[in-house]
Amino acid sequence: MMLHARHVTVLAMLIAAAIIPAISVGAVAPEPSFELHWQDGRAELAGYRYRVTRYGEARTGRAVMITVTEPFSESKRVKSDNPAKNGSDTFEALKLNLVRDFQTGIYDYNTMTSVFVRSRDFSLSKISFSSAEWCGHVYEELLADRSAVHQSLRSYFEGESGDRTLPWQPSGISEDQLFIILRGLRGEFLRPGETKRLPLLPSSIVRRLAHRPLAWVSATVERAAKPERVKVPAGTFAANRYLVKTTDSRLGTFWVERDYPHRVVRWSWSAVAGSVGRASEAMESAELAGSARLPYWELHGEGQETYLKTLGLSLRPSPSDRPRRR
């Protein structure tokens, strides 16, 4: 079928609107419901250019955020195998897997933080963290309920492994939850110019790299009065800026995409001037390099690693690049 020139022009405009991110600081597009966006059978994948301070030096690496909903067992705190059979024990979780990989001299660090919140209100259920590097393994699990946070830590360092319980703080959140809560997926966390003070549980990777025990600090979260234009490798975005000041001498800044789904397009943590000791360890920054919504659990075939390009990430070595056996 032949298209008239007018139809071709309209088609081109529709395609352009679909692939070019809106960067206007003015009007905001209507937001879909949480269920419409997050229950579509896909996951949100986001790749980041990543930097972190380790052993007092700045390291470069990459980070990936995988965000998806899944059925979760209230009693077992794992993904439910048969939610239809165990409906009373199952709730929908919004899961965030944050992978951070970086090199330190001859050896590398491979870490992952998994955050599980109830998608109805984003209250914390579980956080698991693992770190694998040439010195050894570390694994931590935090289970939250209305009265306490229960920690199970297994480390290759003497004296660190064990099980501990920390009383829950009313209105408290985990630092790892900020990557979900600040997005405002069911409505704004803060209005423009608003400030909120709350108890904060420092993130697993900060406590790991600085060798700090599990303990609450206090934090002030402030939203900037007006959105800003932010340029990152993935493009230019209108973003809301959030400033997080903690009583353990850290300053965090999060730039959150103004339009839905409010991706985190940039974040950074720095030590407050005058801090001493290990304060600079685990200070980090990241910029969005690419993003896509995909059923990634189905993309495990040979050749499908090319999808990494859509996340702004380099490909793994191909078979022809690997050393041959002799």
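The values are calculated or read from the model by the stated rules, or taken from the named source; none is laboratory data. In this text the structure is predicted, and so the values were computed from the model without any measurement. Cβ coordinates were reconstructed from backbone atoms using ideal geometry, including for glycine residues, and neighbour counts include every protein chain displayed. Accessible surface is based on the protein model in full, side chains and every heavy atom, while ligands, DNA and RNA are left aside. Shrake-Rupley method; radii C 1.70, N 1.55, O 1.52, S 1.80 Å.
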(request) For every helix of n ≥ 4 consecutive DSSP H residues, a contribution of -39,500 (n - 2.57) applies; sum these over the chain, divide by its total residues, and give [θ] at 222 nm rounded to the nearest 500 deg cm²/dmol. (result) -2500 deg cm²/dmol
(request) Mind checking which lysines have their Cα closer than 30 Å to the Cα of LYS126? Skip sequence neighbours fewer than 8 apart in that chain. (result) LYS76, LYS79, LYS85, LYS95, LYS196, LYS245
(request) Could you provide, to the nearest whole Å², the per residue accessible area of the stretch 142-200 with probe 1.4 Å? (result) 52 Å²
(request) Please calculate the 1.4 Å probe accessible area of HIS211, with all protein chains present, and give it to the nearest 10 Å². (result) 60 Å²
(message) Taking the square root of 5 times each eigenvalue of the Cα gyration tensor, what semi-axes in Å does the equivalent ellipsoid of the stretch 196-245 have, largest first?
(response) 29, 17, 5
(request) Putting +1 on Lys and Arg Cβ atoms and -1 on Asp and Glu Cβ atoms, find which of LEU143, ALA239, LEU185 reaches farthest to the positive end of the dipole of the chain. (result) ALA239
(request) Please give the per residue accessible area of the stretch 242-306, computed with a probe of 1.4 Å over protein heavy atoms only, in Å². (result) 43 Å²
(request) Heavy atoms only, probe 1.4 Å: what % of the accessible area of the chain goes to carbon and sulfur, would you let me know? (result) 55 percent
(request) Leaving ligands, DNA and RNA out of it, work out the accessible area of PHE122 with a 1.4 Å probe and give it in Å² to the nearest 10. (result) 30 Å²
(request) Measure nothing but the geometry: give the 0 to 90° angle between the long axis through the Cα atoms of 5-19 and the longest principal axis through the Cα atoms of the chain, rounded to 10°. (result) 0 degrees
(request) Name the residues whose placed amide hydrogens come within less than 5 Å of the amide hydrogen of THR104, ignoring near sequence neighbours (fewer than 5 apart) on the same chain. (result) TYR109
